[in-house]
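To start, the structure under review is shown below, and the notes come after it.
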């Protein structure tokens with residue numbers, strides 16, 4: 001199966017392998033919220049990192065990696081990125097930009113390798129995140145993800 005025909009978690013697995021990053025993908029019952037997903041995995045909400053698709057003014061996309069118990073700080077993120085306006089696009093734009101539905105988004109295997117901005121609180125942590133498909137979670141060492149993507153690490157949350 002070539003890279004173009006891979007779907008969901010297969011794309012995430014293939015991308016991580018190509019980057020030499022060890023990941024673990026685990027199946028879990030579908031969750032209706034981040035808190036429910038954390039409970040199902042025996043984690044604290046902060047151990048699950050949300051991969052948010054953010055649209056800059058002008059249409060360019062970036063990924064913001066945000067601990068589950070925190071919210072994106074628009075003022076902080078704008079300052080780090082160096083723009084005046086950004087927004088969370090609707091679900092159809094996020095799907096088109098990544099190939100993943102909301103709740104499954106991960107930088108691994110995104111159809112476009114958008115720039116990654118990681119909240120400083122994930123450094124040194126083993127994190128869970130979307131795995132490209134509903135009902136699965138991907139575990140990775142945040143430092144490996146950050147290094148592989150050349151992510152910008154900063155305080156981007158409240």
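The values are calculated or read from the model by the stated rules, or taken from the named source; none is laboratory data. In this text, all values refer to a predicted model and were calculated from it rather than measured experimentally. Neighbour counts are summed over all protein chains in view; Cβ atoms, including those assigned to glycine, are modelled from backbone coordinates with ideal geometry.
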Checking the structure you have, find out if any residue of segment 31-54 is in contact with a strand residue (DSSP E or B) (Cβ under 6 Å, 6 or more places away or on another chain), more than 20 Å from residue 134 (Cα to Cα) and surrounded by 17 or more Cβ atoms within 10 Å (Cβ to Cβ).
yes
Residue 84 meets each of (1) within 15 Å of the chain's Cα centre (by Cα); (2) modelled with pLDDT under 95 with one exception, condition (1)
Residue ID - surrounded by the most Cβ atoms within 10 Å (Cβ to Cβ), chosen from residues in segment 112-124 that are touching a residue at least 40 places away in the same chain (Cβ under 8 Å) and farther than 21 Å from residue 41 by Cα
118
Among (1) part of a loop (DSSP other than H, G, I, E, B); (2) out of contact with any helix residue (DSSP H, G or I) (no Cβ under 9 Å at 6 or more places or on another chain), the one test that residue 132 misses
(2)
Is it the case that residue 127 is in contact with a strand residue (DSSP E or B) (Cβ under 7 Å, 6 or more places away or on another chain), assigned to a loop (DSSP other than H, G, I, E, B), in contact (Cβ under 8 Å) with a residue 40 or more places away in the chain and surrounded by 15 or more Cβ atoms within 10 Å (Cβ to Cβ)?
no
Taking residue 93 as the residue in question, decide whether it is over 19 Å from residue 158 (Cα atoms) and either part of a loop (DSSP other than H, G, I, E, B) or touching a strand residue (DSSP E or B) at 6+ places or on another chain (Cβ under 8 Å) (or both).
yes
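So that you can scan it fast, the table gives a plain yes or no per residue for (1) touching a strand residue (DSSP E or B) at 6+ places or on another chain (Cβ under 9 Å); (2) crowded, with 22+ Cβ neighbours inside 10 Å; (3) at pLDDT 95 or above; (4) within 21 Å of residue 15 (Cα to Cα):
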| residue | (1), (2), (3), (4) |
| --- | --- |
| 77 | yes, yes, yes, no |
| 80 | yes, no, yes, no |
| 102 | yes, no, no, yes |
| 107 | yes, yes, yes, yes |
| 134 | no, no, no, yes |
| 152 | yes, no, yes, yes |
Residues of segment 7-30 satisfying the condition of being under 23 Å from residue 153 (Cβ atoms) and touching a strand residue (DSSP E or B) at 6+ places or on another chain (Cβ under 8 Å)
12, 16, 21, 22, 23, 24
